[in-house]
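Inspection log for the structure reproduced underneath, given as structure tokens.
The values are calculated or read from the model by the stated rules, or taken from the named source; none is laboratory data. Fair warning: this is a prediction, and the values are worked out from it, not measured in the lab. Backbone-built Cβ (ideal geometry, glycine too); neighbour counts: all protein chains shown. These area figures cover heavy atoms from the full protein model, side chains too; ligands, DNA and RNA do not enter into them. Shrake-Rupley method; radii C 1.70, N 1.55, O 1.52, S 1.80 Å.
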Amino acid sequence: MNDQLIRAISGETNVRALACLTTYTTRTACDRHQTRPTASVALSRALTGGVLLGALLKGRERVALKFEGNGPLRKIVVEADALCRVHGYVGDPGVDLPLADGQFDIASALGRAGLLTVTKDLLLKEPYRGVVNLVSSEIGEDLAYYLTESEQIPSAVGLTAIPDALGRPIVAGGFLIQALPGASENILDLITGRIRDLPPLGRLFLSGITPKELLDRIFSDIAYEVLGHQEVRFQCACSRDRIERALITLGQKETEELAGREDRTVITCEFCREAYEFTPEQLRRLISERH
């Protein structure tokens, strides 16, 4: 099954829900960045969280997540859009820590002190930006805290990723449940209890459960309506044209220094590791175009 996201709403309880499978999307990202297992789990969780938050947007709107901590991973940066296209990277893809109580120690990898910055491009004059402290550095809990505290929307976020010994995700996915205005406290408590009683999310996805079946388990006898499905995929916004435009914006001295080298200049995208080569002649052409 291809990676996919499902959108749903329970009209009688005023609860919105999203669930997604992101195995191949996160595997693509981890392959490109050659992440070790702990870094793979952290990146996969953040990518899945980006997909969920991006799916709340519309049209050409975009969201960027930046987790910054004092651990060896240093940071995680993710960008996603309303069409469930996502890309991202970690500060140090080689981080791999011992398990803590049988679990990947993402909190120690990212660091227990730091910030989560969420930037939304809503196609307005200025982007919206919200910043909160990391509360657990477990990614999902930090995103739920941001949505509840900064955007004032009570939310529950569950994220999972299980890598193989080399760090390639064999399964990844997650869910986002949000209380809309008028939601009943009793219903919210009921749903929260069901989420708490779920088996480990990774085990559920490994068993073959679909995003729809996951929502069935969370809502159970609470009626809800599926609003639609969306394919999830890894896609970077970089291109040779964009790299050329970035080179043109460099200072003339810096560009001329690059053009003066005998070897080709290689510029690698942080988000997808795609490499773009420029000969000295091509760089000189860009300099002339700037003038």
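For the range 154-163, indicate whether the set of residues that are in contact with a Pro (Cβ under 9 Å, 6 or more places away or on another chain), open to solvent by 30 Å² or more (accessible area, probe 1.4 Å) and farther than 21 Å from Gly69 by Cβ is non-empty. Steps first, answer last, please.
In the first step, residues of the range 154-163 are kept if they are in contact with a Pro (Cβ under 9 Å, 6 or more places away or on another chain); the result is 160-163.
Add one more test, that the residue is open to solvent by 30 Å² or more (accessible area, probe 1.4 Å), and what stays is 162.
If we keep only those that are farther than 21 Å from Gly69 by Cβ too, we end up with 162.
There is at least one residue in the range 154-163 that is in contact with a Pro (Cβ under 9 Å, 6 or more places away or on another chain), open to solvent by 30 Å² or more (accessible area, probe 1.4 Å) and farther than 21 Å from Gly69 by Cβ.
On the given criteria, is Ile243 surrounded by 10 or more Cβ atoms within 10 Å (Cβ to Cβ) and either assigned to a helix (DSSP H, G or I) or without any contact (Cβ under 8 Å) to a residue 60 or more places away in the chain (or both)?
On the way: surrounded by 10 or more Cβ atoms within 10 Å (Cβ to Cβ): yes; either assigned to a helix (DSSP H, G or I) or without any contact (Cβ under 8 Å) to a residue 60 or more places away in the chain (or both): yes.
Yes: the conditions hold for Ile243.
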Looking at Thr22, Thr28, Thr48, Thr13, which one is open to solvent by 50 Å² or more (accessible area, probe 1.4 Å), of a type in the set (Ser, Thr, Tyr) and touching a residue at least 12 places away in the same chain (Cβ under 8 Å)?
Thr28
Could you check Pro98 against (1) buried (at least 23 other Cβ atoms within 10 Å of the Cβ); (2) in a loop (DSSP other than H, G, I, E, B) and say which number it fails?
(1)
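Among the listed residues Leu73, Leu18, Leu47, Leu57, identify the single one that is outside any helix (DSSP H, G or I) and within 20 Å of Leu201 (Cβ to Cβ).
Details: Leu73 fails: within 20 Å of Leu201 (Cβ to Cβ); Leu47 fails: outside any helix (DSSP H, G or I); Leu57 fails: within 20 Å of Leu201 (Cβ to Cβ).
Matching residue, one of Leu73, Leu18, Leu47, Leu57: Leu18.
Which residues, counting only those in the range 21-44, are assigned to a helix (DSSP H, G or I) and either more than 23 Å from Thr117 (Cα to Cα) or among the basic types (Lys, Arg) (or both)? So that I can check it myself, show each step before the final result.
Here is the first cut: in the range 21-44, the residues assigned to a helix (DSSP H, G or I) are 23-33, 37-44.
Scanning the range 21-44 gives Thr23, Tyr24, Arg27, Thr28, Asp31, Arg32, Pro37.
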Looking at Asp142, Asp81, Asp92 in this structure, which one is among the acidic types (Asp, Glu), touching a residue at least 60 places away in the same chain (Cβ under 8 Å) and either assigned by the TED database to the domain that holds Leu18 or loosely packed, with under 14 Cβ neighbours inside 10 Å (or both)?
Asp142
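Here is a yes/no grid of residues against (1) open to solvent by 60 Å² or more (accessible area, probe 1.4 Å); (2) of a type in the set (Gly, Ala, Ser); (3) touching a residue at least 24 places away in the same chain (Cβ under 8 Å):
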| position | (1), (2), (3) |
| --- | --- |
| Leu116 | no, no, yes |
| Gly130 | no, yes, no |
| Leu147 | no, no, yes |
| Ala172 | no, yes, yes |
| Asn186 | yes, no, no |
| Leu190 | yes, no, yes |
| Arg203 | yes, no, no |
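Among the residues of the range 250-261, is there at least one that is in contact with a Phe, Trp or Tyr (Cβ under 7 Å, 6 or more places away or on another chain), buried (at least 17 other Cβ atoms within 10 Å of the Cβ), not small (Gly, Ala, Ser) and not in a loop (DSSP other than H, G, I, E, B)? I'd like the intermediate steps shown before the answer.
Of the residues in the range 250-261, the ones in contact with a Phe, Trp or Tyr (Cβ under 7 Å, 6 or more places away or on another chain) are none.
No: zero hits.
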Provide a single number: the residues in the range 102-114 that are exposed (fewer than 14 other Cβ atoms within 10 Å of the Cβ) and not in a loop (DSSP other than H, G, I, E, B).
1
Any idea how many residues of the range 218-240 are of a type in the set (D, E, K, R), surrounded by 12 or more Cβ atoms within 10 Å (Cβ to Cβ) and over 23 Å from Ser44 (Cα atoms)?
1
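Could you check how many residues of the range 92-114 are of a type in the set (Gly, Ala, Ser) and in contact with a Pro (Cβ under 7 Å, 6 or more places away or on another chain)? Step through it out loud before you land on a result.
Here is the first cut: in the range 92-114, the residues of a type in the set (Gly, Ala, Ser) are 94, 100, 102, 107-109, 111, 113-114.
Narrowing further to those that are in contact with a Pro (Cβ under 7 Å, 6 or more places away or on another chain): 109.
The qualifying residues number 1.
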